[in-house]
Amino acid sequence: MEQNKIPQATAKRLPLYYRFLNNLNHQGKSRVSSKELSEAVKVDSATIRRDFSYFGALGKKGYGYNVDYLLDFFRKTLDQDEVTDVALIGVGNLGTAFLHYNFMKNNNIRIKMAFDADPEKVKNDIAGVSLYHIDDLEEKLGDVKVAILTVPATEADVITEKLVNKGIAGILNFTPARITVPDHIRVHHIDLAVELQALVYFLKHYPLDNI
Ligand code: ATP
């Protein structure tokens, strides 16, 4: 099945399914029930059944889903057989943590290079990632199509413009700035402070009845 036939909401859950099924596979399990999946990934089983029907995986009653089949499908759909290179801009505290994080563990994604405006910060490689001065972005970016932004919010627009001019396709924006890009570029926005604030708010106002 072609990837573009999968609804966006389903596609967003793919990495979640993939990670859990990969774990099952490592444990030597060959099948999984929608109930088991549902509890693990916190998606209701009706949604899981509908999602999986798009993948051509029809669960059998009393058997569940074939883990190998699903993994094979996910690998192809998520391009797990190919490595996707990513550039990181801003080697501060958050950026440095990402450089040390092993994205390859679950996904074939790797930060190939990183840029910073501070010459002191780009002197040595970190965790095998080449570091360059931001002024060399145009020259070094090559055909990298995905970027992570961990610069101060005030710098987000200028950097984004440079990335757009270099033909970037997607930006994972960790700055609180709402960046503007042309329609053909995808931006995903993660504001850790806002997420944390929302969690604390919900805990206060909508406490779960955990005993
Ligand atoms: P640190 O304490 O190391 O400065 P931080 O995460 O608190 O880290 P920020 O002020 O958020 O610091 O900046 C993040 C990183 O972005 C820093 O390493 C900074 O040098 C870098 N930076 C700032 N402006 C730019 C820019 N225009 N281009 C690239 N990197 C930049």
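Just a few scattered comments:
- Counted residue by residue at 0.36 nm each, then reduced by the alpha carbon distance between them, the extension gain from HIS184 to GLU138 reaches 14.6 nm.
- In this label model, PHE103 and ALA40 are separated by 2.4 nm, measuring between points 7 Å along each Cα→Cβ vector.
- GLU161 versus SER53: modelled label distance in nm, points set 7 Å from Cα along the beta carbon direction: 5.0
- Of LYS112/LYS166; LYS140/LYS166; LYS76/LYS112; LYS145/LYS166, pairs whose Cα-Cα distance is over 19 Å: LYS76/LYS112
- Principal axis dimensions, region 3-76 - Cα atoms, whole angstrom, descending: 31, 24, 20
- Region 84-194: mean projected area of Cα convex hull, nm²: 6.7
- Between the helical axis of 67-77 and the longest alpha-carbon principal axis of the chain there is an angle of about 30 degrees.
- Diffusion constant of the chain at 10 °C, which comes from Stokes-Einstein with the Kirkwood Cα-pair radius and 1.306 mPa s, µm²/s: 81
- Remark: spin-label model distance ALA198-ARG31 equals 3.8 nm, labels positioned 7 Å along the Cα→Cβ axis.
- Considering only the chain, percent of DSSP beta bridges that pair antiparallel, nearest 5: 15
- Cα-based helix-to-principal-axis angle, 45-54 vs the chain, degrees rounded to 10: 70
- Taking 0.36 nm per residue of separation and subtracting the current Cα-Cα distance, fully stretching the chain between ASP85 and TYR69 would add 3.1 nm.
Quick note: the coordinates plus some simple rules give every number you see, no bench work behind them. The model shown is predicted, which means the values in this text are computed figures rather than measured ones. Because the Cβ atoms are built from the backbone with ideal geometry, glycine has one as well, and the counts that use them run over all protein chains shown.
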